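Reading through the structure tokens given below for one structure.
The values are calculated or read from the model by the stated rules, or taken from the named source; none is laboratory data. This one's a predicted model, so the numbers in the text were calculated from it and none came from an experiment. Note that each Cβ is placed from the backbone with ideal geometry, even for glycine, and that neighbours are counted across all protein chains shown.
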Amino acid sequence: MSHPNLPPTPSAPAAATPPLVIAGHGTRVAAGAAAAEELVARVRELLPDVQVEAGFVELTEPTIDAALAPLLARAGRAVVVPLMIGSGGHVRDDIPEAIAAAQATQPDAAVAHTRHLGSPKALLAAVRQRIDAARGDWAAADTDVILVGRGCSIAETNADHVRLIRLLFEAGGYRQVAAAFIQVARPSLPEALAQAAAAGSRRIVVMPHFLFTGRLDQWTQQQTAEFVAAHPEVEVRVAGVIGACTELAEVVVQRYREGVLKLRAEAGSSAYLSGLLLAGRRVVAVGGGCVNRRRVPKLLAAGAEVTVVAPELHPALATLAEAGKIGWRERTFLDSDLDGAWYVLAATDDPETNAQVAAAAEARHTFCVRADRADQGSAWTPATATIDGLSVAVLAGGDPRRSRTVRDQLVALWGEASSEVSGS
Ligand SMILES: C[C@@]1(CC(=O)O)C2=NC(=C\c3[nH]c(c(CCC(=O)O)c3CC(=O)O)Cc3[nH]c(c(CC(=O)O)c3CCC(=O)O)/C=C3\N/C(=C\2)[C@@H](CCC(=O)O)[C@]3(C)CC(=O)O)/[C@H]1CCC(=O)O
Ligand SMILES: NC(=O)c1ccc[n+]([C@@H]2O[C@H](COP(=O)([O-])OP(=O)(O)OC[C@H]3O[C@@H](n4cnc5c(N)ncnc54)[C@H](O)[C@@H]3O)[C@@H](O)[C@H]2O)c1
């Protein structure tokens, strides 16, 4: 089922492949800039149908807004993935500001700014490979690891780094794993090295937990060299940075896919979902057949005062009429039936009558569902369920089988979740 006023299906090419901006930090170090380019090339290989560009917060051209603006002009939307391990000021402030600057040039364009990279399993595996490559012939159980992060003024970001210490310790079988920060936060790398040596460590791998080589990596090497010169009794090896590896490219692609979903979710629907409180309000259902037979009991459950207009009624509706639970006008529809109505269902088997009902409702500024023509009404009926006071309503842009299926899946999920909670 498809209608001209409905949003495009997700399989339309424009929806499937919004362009991607990989938002990196930028560096003064040529090898670091080259690694960023290599990473972009790897992501392009993984996403052959997507235009992939890089933009940088500082030090490397182009800026994020300069990379993003032409993509928004062309495609009207884009995904921005921060090429950053932690969520510091760049992710929280600089990238949103750059996005806002690009959007100022294309006010109607949609941008999905995804999560930062974090430390998913794939990246952690790459970190372990770097540590183990540096460790070489040393047994893991004899090796201490110091994981060097950038350091940030935001405590949560530093805490994320410390969390990795535990994960690496559990996964790697090392003697000890400790955290250090190259800037802002403590312990500094010299402090962490001194502490490890004082605690008896004789073999230490220093892991610069940075994406690419750059100043932070250079400082890590310098500070380690100074420590080694002063402590000949301790052997220290410095591991390589994460680098433009497949694992990193795959995490970027994963973030991109999350961004595409976000764009689709934000694109919205031509229906604005709302919960109608109909208690004590008059609702007119025109037609006494199968469709209204399904819908009228739900309207009654919501407390609506329902009047059905139809020459004949489905037996279930007739029972309700006999019991005085609904009003019944035993005839064909008249426009005046809608006087005083808050909500209207046009569900006869005669399209002309349904059109007349919809027009009369429109003239009264009353919302009206047209059961035979999704595109001609002013409201749609979702597939619904209410369990323990939680209601779900699913619309599928006029595809009721899809909304019913998803509703049923949500109910099943809800059942599983509640049985987990109750332990039954
Ligand atoms: C979800 C549900 C809610 C409910 O009704 O409570 C609902 N339809 C349901 C069932 C159902 N609908 C149809 C069949 C028979 C055929 C089949 O099996 O496919 C069955 C099955 C049956 O009757 O058993 C056919 C049909 N439906 C519409 C058209 C006209 C058109 O598309 O233009 C035609 C073709 C008519 C023709 O051929 O002339 C239109 C609409 N139906 C909607 C809702 C709205 C879209 C909501 C959304 O975005 O999903 C919308 C646009 C307007 C509206 O009516 O509100 C409910 C499942 C609830 C549940 O299971 O609890
Ligand atoms: N939206 C949906 O979920 C859905 C599902 C199935 C069918 N449909 C569509 O909705 C229409 C109605 O479906 P149904 O299964 O309820 O039909 P049905 O044949 O069971 O019932 C039609 C009803 O309309 C009444 N009617 C006919 N002319 C009328 C008039 N001028 N004034 C008042 N009442 C009048 C009849 O007396 C009967 O009660 C179908 O023709 C079909 O196009 C919609």
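Computed quantities for the displayed model
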quantity: Breaking point among (1) under 24 Å from A194 (Cβ atoms); (2) touching a helix residue (DSSP H, G or I) at 6+ places or on another chain (Cβ under 8 Å); (3) among the β-branched types (V, I, T), for I154; calculated: (1)
quantity: Pairs with Cβ under 8 Å, 6+ apart, first in the range 271-300 and under 19 Å from P400 (Cβ atoms) and at pLDDT below 95, second within 10 Å of ligand 1 (Cβ to nearest atom) and not charged (D, E, K, R); calculated: A271/A379; A271/W380; A271/L395; A271/G397; L273/P382; L273/A393; L273/L395
quantity: Subset of the range 254-272 [part of a helix (DSSP H, G or I) and either surrounded by fewer than 19 Cβ atoms within 10 Å (Cβ to Cβ) or among the small types (G, A, S) (or both)]; calculated: Q254, R257, E258, G259, L261, K262, L263, R264, A265, E266, A267
quantity: Qualifying residue in the range 101-114 (condition: under 27 Å from C245 (Cβ atoms) and acidic (D, E)); calculated: no
quantity: Flag if R28 is among the basic types (K, R), in contact with a Leu (Cβ under 6 Å, 6 or more places away or on another chain) and surrounded by fewer than 15 Cβ atoms within 10 Å (Cβ to Cβ); calculated: yes
quantity: Residues that are surrounded by fewer than 18 Cβ atoms within 10 Å (Cβ to Cβ) and closer than 25 Å to G243 by Cβ, drawn from the range 51-86; calculated: Q51, E58, L59, E61, P62
quantity: First in the range 199-216 and in the same structural domain as V177 (by TED's automatic domain parsing) and under 18 Å from G26 (Cβ atoms), second anywhere and part of a strand (DSSP E or B) and not small (G, A, S), Cβ under 9 Å, 6 or more apart; calculated: P208/L147; P208/V148; P208/V238; F210/V148; L216/V148; L216/P208
quantity: Single match in Y256, Y272 (criterion: more than 30 Å from P48 (Cβ to Cβ) and of a type in the set (F, W, Y)); calculated: Y272
quantity: Qualifying positions in the range 321-354 - away from ligand 2 (no atom under 12 Å from the Cβ) and among the acidic types (D, E); calculated: E322, D339
quantity: Residue count for the range 273-300, restricted to those that are assigned to a loop (DSSP other than H, G, I, E, B), more than 17 Å from A374 (Cβ to Cβ) and more than 11 Å from ligand 2 (Cβ to nearest atom); calculated: 8
quantity: Residues of the range 328-355 classified as more than 16 Å from ligand 1 (Cβ to nearest atom), crowded, with 18+ Cβ neighbours inside 10 Å and in a helix (DSSP H, G or I), total; calculated: 2
quantity: Breaking point among (1) within 11 Å of ligand 1 (Cβ to nearest atom); (2) exposed (fewer than 15 other Cβ atoms within 10 Å of the Cβ); (3) modelled with pLDDT under 90, for G389; calculated: (1)
quantity: The range 301-326, residues that are within 16 Å of ligand 1 (Cβ to nearest atom), part of a helix (DSSP H, G or I) and surrounded by fewer than 19 Cβ atoms within 10 Å (Cβ to Cβ); calculated: A301, A316
quantity: Selected residue [under 27 Å from G268 (Cβ atoms) and modelled with pLDDT under 95] from G377, G415; calculated: G377
quantity: Matching residues in the range 72-88 - criterion: being under 21 Å from the mean Cα position of the chain (by Cα) and part of a helix (DSSP H, G or I); calculated: L72, A75
quantity: Residue check for T114: hydroxyl-bearing (S, T, Y), modelled with pLDDT under 95 and under 19 Å from L20 (Cα atoms); calculated: no
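Residues checked against (1) surrounded by 15 or more Cβ atoms within 10 Å (Cβ to Cβ); (2) not aliphatic (A, V, I, L, M):
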| residue | (1), (2) |
| --- | --- |
| G88 | yes, yes |
| A101 | yes, no |
| A112 | yes, no |
| L168 | yes, no |
| G173 | no, yes |
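Every residue, every condition in (1) more than 30 Å from T307 (Cα to Cα); (2) among the hydroxyl-bearing types (S, T, Y); (3) in contact with a helix residue (DSSP H, G or I) (Cβ under 9 Å, 6 or more places away or on another chain), yes or no:
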site	(1), (2), (3)
G240	yes, no, yes
V253	yes, no, yes
L263	yes, no, yes
A267	yes, no, yes
Y272	no, yes, no
L277	no, no, no
C290	no, no, no
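Let's see how each residue does on (1) in a helix (DSSP H, G or I); (2) basic (K, R); (3) in contact with an Asp or Glu (Cβ under 6 Å, 6 or more places away or on another chain); (4) over 25 Å from G287 (Cβ atoms):
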position	(1), (2), (3), (4)
A358	yes, no, no, no
A361	yes, no, no, no
C368	no, no, no, no
D375	yes, no, no, no
A385	no, no, no, no
G397	no, no, no, no
R401	yes, yes, no, no
L410	yes, no, no, yes
S418	yes, no, no, yes
